[in-house]
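The values are calculated or read from the model by the stated rules, or taken from the named source; none is laboratory data. Values in this document were obtained by computation on a predicted structure and should not be read as measured data. For neighbour counting, all protein chains shown are included, and Cβ atoms are generated from backbone atoms with ideal geometry for every residue, glycine included.
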Amino acid sequence: MVIEQVRYVCEFCKKAFTTREEAEDCESRCQRLAEFPRLEELNFSNRTFNLLYWSEVYTLRDLSDLSEQELLKIVTTQALTFQKKPGHLHQHLL
């Protein structure tokens, strides 16, 4: 017996997904990336870039959609996460 698995494909990057929702999410991200500059193009410092990237902020549009409170939460949360991980640079500087 052969079971065919239905595949959904992102219209932009052509990645295949098992659910329609995953494909639609990918299409949404791909469309945002096509329409707005990526963070890599904005010459942020490495730390700023990483904080935003880890928080799933990939484009200038994503960044501009954040409120001041959301942006402060990103900075605070990521900074605390960084400090809690053993072996990071901050421990070597003390």
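Values as computed for the structure displayed
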{"item": "Cross-chain or 6+ apart pairs with Cβ under 6 Å, region 17-41 first and farther than 27 Å from Gln5 by Cβ, then among the basic types (Lys, Arg)", "result": "Arg32/Arg61; Phe36/Arg61"}
{"item": "Unmet criterion (only one of (1) surrounded by 13 or more Cβ atoms within 10 Å (Cβ to Cβ); (2) on the phi > 0 side of the Ramachandran plot) for Gln31", "result": "(2)"}
{"item": "Wholly within the chain, helices (runs of 4 or more DSSP H) carrying at least 1 residues that are modelled with pLDDT of 90 or more and in contact with a strand residue (DSSP E or B) (Cβ under 8 Å, 6 or more places away or on another chain)", "result": "20-35"}
{"item": "Residues (more than 30 Å from Tyr8 (Cα to Cα), surrounded by fewer than 16 Cβ atoms within 10 Å (Cβ to Cβ) and among the hydrophobic types (A, V, I, L, M, F, W, C)) located in region 34-65", "result": "Leu42, Phe44, Phe49"}
